[in-house]
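So the structure is just underneath, and the comments pick up after that.
The values are calculated or read from the model by the stated rules, or taken from the named source; none is laboratory data. Fair warning: this is a prediction, and the values are worked out from it, not measured in the lab. In this analysis, Cβ positions are derived from the backbone assuming ideal geometry, glycine residues included, and neighbour counts consider all displayed protein chains.
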Amino acid sequence: MSVALNLRDVSVQFGAHLALQGVNVSMQAGERVALVGANGSGKSTLLRVAHGLLKVSHGHVSVARDVTQAMVFQRPHMLRSSVLRFVVWGLWLQGTPWRDAHVRAMQALERVGLQDMAERSARALSGGQQQRLALARAWALQPNFVLLDEPTSSLDPHAKREVERLLAEWVAASQVSLLFSSHNLGQVKRLATRVIYLESGRVLADLPVDAFFNRPLGDSHPEAHLFLKGELG
Amino acid sequence: MTTFTDTALTALHLLTELDPLLWSIVGRSLWVSVLATAVACSLGVVLGAWLGVARFAGRDVLLTVLNTLLALPSVVVGLLVYLLLSRTGPLGDLGWLFSLKAMVLAQTVLVLPVVTALTRQCVEDAERNHGEQLQSLGVKPWLRSVLLAWDERYALLTVLIAAFGRAISEVGAVMVVGGNIEGFTRVMTTAIALETSKGDLPLALALGLVLMSVVLMLNVCISALRRWRQRMDGSGTDPVQGVLV
């Protein structure tokens, strides 16, 4: 497998606050990596750096030439448009001709079960539907690397399950690389192959999902152990 | 009280009888202010949207100047435009002084900072909240400013209406550059000032009523727009705010 993303000694500073400190992360194509940690630990910053939305203060970020990324945000911004146009706009902005964009957008909407709402206002959708629509747009862009910033944190349990099911289908069908942040450890277990634990902008554990959840971390990664203990009760 | 009642009755009479002098002044006022608002909005929305997204050295200074211009007294604008258009001024060759064109120019200068500053604020807020999601799609700043301005189009309609309200209700600038010439450059606000000083209160009051009606209509439009937008969006989020002009 080839390296899809490589962050070397990356630091990001906002004024006096260090959001990331000397982070080293490398991801192979097809890997599914979960970022976990408390609020303010640097998960979202790391995702934005990986997606090129934030410049690093120090270090180096490289993304493989054949990688095409799409990002799904915690609260997707719905353009003032119809559901269909929301996806079409995304495709058109990335260079897809308008007519082709319509066809691909409809296919994407069918995939997330929103085809019957194509002409409705995107802003009139529920939170879960909006997140499915954001997934549809990301899907339509046909990326091979998807970044998700707490994609289900603001959803009710039913919508959470629905979005997670769609994500699972997506990764199973296309071997897409996944880098996502989540507070839901059950979701991390189900979707990730590897877990990175962040605290105060530092990577304190980077382990396969099985090792992170099932092996004793007390001695090797005490901070991650405490986090897990706190989260799992 | 009798004087007030008589004045009000005479004013209503002038309105209902479609007094040609009164309605010619009203028509001229609307024409000047609509044109000035259109020109100011064409320039101000583009400039404001760009300022909302662009980051460059000296931007903060530019924004401070722009916000200061919001409080520019209309007579000062009138004076500046007068100096520009006077025979010895840089635009003196145009021969616009004491014409409707000069009044349109003065109101445009007066309203342009309002449109630019409000549009900038509106687009900058949108950029802060959603800009990175457009960036994520690879959208460059200039296109982002266009998209965000389009996405905020209902809020910008409110800006347009506020700008029109500022234009039609100002008196100083058009008085200075237009000269308040009867049948030529006399508009509602300058006529109200003149007729009041002459003691022709019914005409002044009738014009005042029309002016108030125009402002009232603007606020009715904003309310209707807000209700329509909420219905279209299926929610009451981020409503268009009414403006008092």
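Against the definition (within 22 Å of residue B:149 (Cα to Cα) and at the interface with chain B (Cβ under 9 Å from one of its Cβ atoms)), how does residue A:141 come out, yes or no?
So residue A:141 fails the test.
Taking the conditions exactly as written (within 16 Å of residue B:139 (Cβ to Cβ) and more than 22 Å from the chain's Cα centre (by Cα)), does residue A:81 satisfy them or not?
Yes: the conditions hold for residue A:81.
List pairs: first in region A:127-147 and farther than 18 Å from residue A:4 by Cα, second of a type in the set (Phe, Trp, Tyr), Cβ under 8 Å, 6+ apart or cross-chain?
A:133/A:86; A:134/A:73; A:135/A:170; A:137/A:86; A:139/A:170
How many of the residues in region B:118-129 are crowded, with 21+ Cβ neighbours inside 10 Å and facing another protein chain (nearest Cβ under 10 Å)?
Residues in region B:118-129 being crowded, with 21+ Cβ neighbours inside 10 Å and facing another protein chain (nearest Cβ under 10 Å): 1 in total.
Just checking, which of A:138, A:159, A:105, A:173 is within 26 Å of residue A:36 (Cα to Cα), at pLDDT 90 or above and part of a helix (DSSP H, G or I)?
Among A:138, A:159, A:105, A:173, only A:138 is within 26 Å of residue A:36 (Cα to Cα), at pLDDT 90 or above and part of a helix (DSSP H, G or I).
Among the residues of region A:54-100, write down those that are within 30 Å of residue A:117 (Cα to Cα) and of a type in the set (D, E, K, R). Don't jump to the end; show me each part of the working.
Narrowing region A:54-100 to residues within 30 Å of residue A:117 (Cα to Cα): A:68-100.
Result: A:75, A:80, A:85, A:99, A:100.
Any chance region B:161-173 includes a residue that's closer than 30 Å to residue A:95 by Cα and surrounded by fewer than 18 Cβ atoms within 10 Å (Cβ to Cβ)?
No; the residues of region B:161-173 include none that is closer than 30 Å to residue A:95 by Cα and surrounded by fewer than 18 Cβ atoms within 10 Å (Cβ to Cβ).
Is at least one residue of region A:22-34 within 14 Å of chain B (Cβ to nearest Cβ), of a type outside the set (Phe, Trp, Tyr) and surrounded by fewer than 17 Cβ atoms within 10 Å (Cβ to Cβ)?
Within region A:22-34, none of the residues are within 14 Å of chain B (Cβ to nearest Cβ), of a type outside the set (Phe, Trp, Tyr) and surrounded by fewer than 17 Cβ atoms within 10 Å (Cβ to Cβ).
Return a yes/no flag: does region A:69-88 have any residue that is touching a strand residue (DSSP E or B) at 6+ places or on another chain (Cβ under 8 Å) and β-branched (Val, Ile, Thr).
The answer is yes, given that some residue of region A:69-88 is touching a strand residue (DSSP E or B) at 6+ places or on another chain (Cβ under 8 Å) and β-branched (Val, Ile, Thr).
Those residues that are surrounded by fewer than 17 Cβ atoms within 10 Å (Cβ to Cβ) and out of contact with any Phe, Trp or Tyr (no Cβ under 9 Å at 6 or more places or on another chain), I need them from region B:177-191; list them, please.
B:182, B:183
Considering only residues that are at the interface with another protein chain (Cβ under 10 Å from one of its Cβ atoms) and in contact (Cβ under 8 Å) with a residue 60 or more places away in the chain, look in region B:145-168 and name the one that is farthest from residue B:223 (Cα to Cα).
Top of the filtered list is B:148.
What number of residues within region B:42-75 satisfy the criterion of being under 19 Å from residue B:103 (Cα atoms), touching a residue at least 60 places away in the same chain (Cβ under 8 Å) and either part of a loop (DSSP other than H, G, I, E, B) or not hydroxyl-bearing (Ser, Thr, Tyr) (or both)?
4
I'd like to verify a number: residues in region A:35-88 that are more than 13 Å from every other protein chain (Cβ to nearest Cβ) and crowded, with 22+ Cβ neighbours inside 10 Å, how many?
Going through region A:35-88 one residue at a time, the tally reaches 8.
Checking the condition over 22 Å from residue A:95 (Cβ atoms) and loosely packed, with under 15 Cβ neighbours inside 10 Å, which residue from A:159, A:172 passes?
Sole residue among the options that is over 22 Å from residue A:95 (Cβ atoms) and loosely packed, with under 15 Cβ neighbours inside 10 Å: A:172.
Looking only at region A:91-123, how many residues end up being under 11 Å from residue A:140 (Cβ atoms), in contact with a helix residue (DSSP H, G or I) (Cβ under 8 Å, 6 or more places away or on another chain) and within 14 Å of chain B (Cβ to nearest Cβ)?
The qualifying residues number 5.
Any chance you could count how many residues in region B:137-160 are more than 14 Å from residue B:55 (Cα to Cα), hydroxyl-bearing (Ser, Thr, Tyr) and crowded, with 21+ Cβ neighbours inside 10 Å?
Qualifying residue count for the region: 1.
Might you check whether a residue that is more than 23 Å from residue B:215 (Cα to Cα), of a type outside the set (D, E, K, R) and more than 25 Å from the chain's Cα centre (by Cα) occurs anywhere in region B:12-33?
Checking region B:12-33: not a single residue is more than 23 Å from residue B:215 (Cα to Cα), of a type outside the set (D, E, K, R) and more than 25 Å from the chain's Cα centre (by Cα).
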